[in-house]
Amino acid sequence: MKTLLLLAALVAVSACDSPRGTPTEGGARAVTGIVELRFGPFLERYDLRVDRQHDDFAPTLTPIGPAAGRTPPRGLLGLAFVRLNPGPDKPFVIPTPQGPVTARLTYKPLGPWQVLDRAALSVTGSPVGLGPEFTVAVLEPRLVR
């Protein structure tokens, strides 16, 4: 339940920070890489492909390693892995019944777009300890033309 709550909070933050726009002039049509999802000792990896559509980006996740054969968490596909414009990488605080969830998303430039570098979420007062409890990172992003 806690994982779903944190994932839903992350998607909500990401959706607010994903501007729409027109196709870019650089000829890039997709971004590929590996998504790493961590929750405490839990680790899953997915092959990522984010295709540029007319007015949005469409991610596809394929489980790899121990996650193979499982369906990726539904909320993970709602995350803005790629966005058009740079924006502030500021923390968001979302009140929940379990305590405030703090989310920080950082992006890095890749060609004409910004690619998710890392998303970290933590719940204030969590017994798990200091630092992020839940992280999503895009490893080895590559531009596809």
Exercise for the section: Give, in nm to one decimal, the length gained when the segment between residue 64 and residue 139 is fully stretched (0.36 nm per residue of separation minus the Cα-Cα distance). Expected result: 25.6 nm
Practice task
Which order do the peptides 60-69, 40-49 take when ranked by the mean count of other beta-carbon atoms within 10 Å per residue, highest first?
Solution key: 40-49, 60-69
Problem - Residue-span extension gain [residue 49 to residue 89] - 0.36 nm each, minus C-alpha spacing - result: 12.1 nm
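Any read-out appearing in this document is the output of simple, stated calculations on the displayed coordinates, not a laboratory observation. Being a predicted model, the structure only gives us computed values, none of them experimental. Backbone-built Cβ (ideal geometry, glycine too); neighbour counts: all protein chains shown.
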